[in-house]
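The values are calculated or read from the model by the stated rules, or taken from the named source; none is laboratory data. Treat the numbers as computed from the prediction; the structure is a model and nothing was measured. Glycine also receives a Cβ, built like all others from the backbone with ideal geometry; neighbour counts cover every protein chain displayed. Each accessible area value is taken on the protein alone, full model and side chains, heavy atoms only, with ligands, DNA and RNA left out. Shrake-Rupley method; radii C 1.70, N 1.55, O 1.52, S 1.80 Å.
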Amino acid sequence: MPPLWSRTRLIHLGIGISALGLTEAGREWYRPWVKANDIRDFYFADTIGNSLGTVTAVFIILGLVGKGGWSDLRLIAMVTLGVVGYELAQGPMGGTIDPRDILATLLAGTLCLALYVWLNGVPTRAHPED
């Protein structure tokens, strides 16, 4: 497991905190601007909470509890599927299930995986404690 404040953890936290800032800026300014100007942005403004929110969740969790290697890849999958599960739970709780939000979450999870591999490389084998 990387030390508590390793370079890798700090990078992951930095990505997560940056994604949080972009998520909130997108909700506050980008989404209203797109709606007011009737811009077609392929539903990004509508799904910004799920897309950038997934990046936020994945990288903040990796920064706080990531162990490196295959366990981090499992964390990425679990967080992504957890956000999908949350979206699916909206139906029984009286909300609506938005397929675009689910797709945005899955695409963002894939992006997180790609970014993780680009930054850290592909783990060669599982850690002994995995």
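Considering only alpha-carbon pairs that sit under 8 angstrom and 6 or more positions apart, the relative contact order computed for the chain is 30 percent.
Taking R100, R40, R74 as the candidate residues, the one with maximal mean-square fluctuation in a Gaussian network model of the chain, Cα springs under 10 Å, is R40. With the whole protein complex present, D98 retains an accessible surface near 50 Å², based on a 1.4 Å probe. Counting only protein heavy atoms and a probe of 1.4 Å, the accessible surface of the chain is 68% carbon and sulfur.
Remark: region 50-99 carries 47 Å² of accessible area per residue (probe radius 1.4 Å; ligands, DNA and RNA excluded).
Sorting the segments 102-112, 85-95 by their mean number of nearby beta carbons within 10 angstrom, highest to lowest, gives 102-112, 85-95. Note: relative contact order over region 1-61, using C-alpha pairs below 8 Å and six or more positions apart, is 51 percent. Eigenvalues of the alpha-carbon gyration tensor of region 19-69, scaled by 5 and square-rooted, set the equivalent ellipsoid semi-axes at 28, 10, 5 angstrom, largest first.
Other residues with beta-carbon under 10 Å from the beta-carbon of A104 carry, at +1 per Lys or Arg and -1 per Asp or Glu, a net charge of -3. Return P(r) of the chain (all Cα-Cα pairs; 10 Å bins starting at 0; whole %; ordered from short to long distances). Going out from 0 Å in 10 Å bins, the chain shows 13, 39, 31, 14, 3, 0 percent.
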